1. Restricting attention to the stretch 14-26, which residues are farther than 20 Å from P59 by Cβ and aliphatic (A, V, I, L, M)?
2. Just to be sure, is G15 open to solvent by less than 50 Å² (accessible area, probe 1.4 Å) and modelled with pLDDT of 95 or more?
3. Looking only at the stretch 43-70, which residues are of a type outside the set (G, A, S), surrounded by 10 or more Cβ atoms within 10 Å (Cβ to Cβ) and either at pLDDT below 90 or assigned to a strand (DSSP E or B) (or both)?
4. Please work out if K16 is assigned to a loop (DSSP other than H, G, I, E, B), out of contact with any Gly (no Cβ under 6 Å at 6 or more places or on another chain) and basic (K, R).
5. Any idea which residue in the stretch 27-42 is least open to solvent (accessible area, probe 1.4 Å), counting only those that are over 18 Å from G61 (Cα atoms) and at pLDDT below 95?
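The values are calculated or read from the model by the stated rules, or taken from the named source; none is laboratory data. Being a predicted model, the structure only gives us computed values, none of them experimental. Here the Cβ positions follow ideal geometry from the backbone for every residue, glycine too, while neighbour counts run over all protein chains shown. In case anyone asks, the SASA skips ligands and DNA or RNA and just uses the protein heavy atoms, side chains included. Shrake-Rupley method; radii C 1.70, N 1.55, O 1.52, S 1.80 Å.
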Amino acid sequence: MKVDWQAKAEGLLLGKKIVGVRWQTDKERPSWWERSAIVLVLDDGTELVASRDDEGNGPGGTAVVDHDNF
């Protein structure tokens, strides 16, 4: 299953550029989420939103790892 998800993620993400970063609007935010999440907008219009878990029970955090300066 992990390999299947990885292949799908690669097809959706590889070669894409982040062209926008913004907060979800109240209209976009699921009603059961207590706050909005960051939205990463890709050059093909795809939007990435971090979720607390795979069931979408709330917004999730993101982390940036800079291995050269870690």
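1. Listed by number, the residues that qualify are L14, V19.
2. When the stated conditions are applied, G15 does not pass them.
3. E47, L48, V49, P59, T62
4. yes
5. Once the filter is applied, the top-ranked residue is S31.
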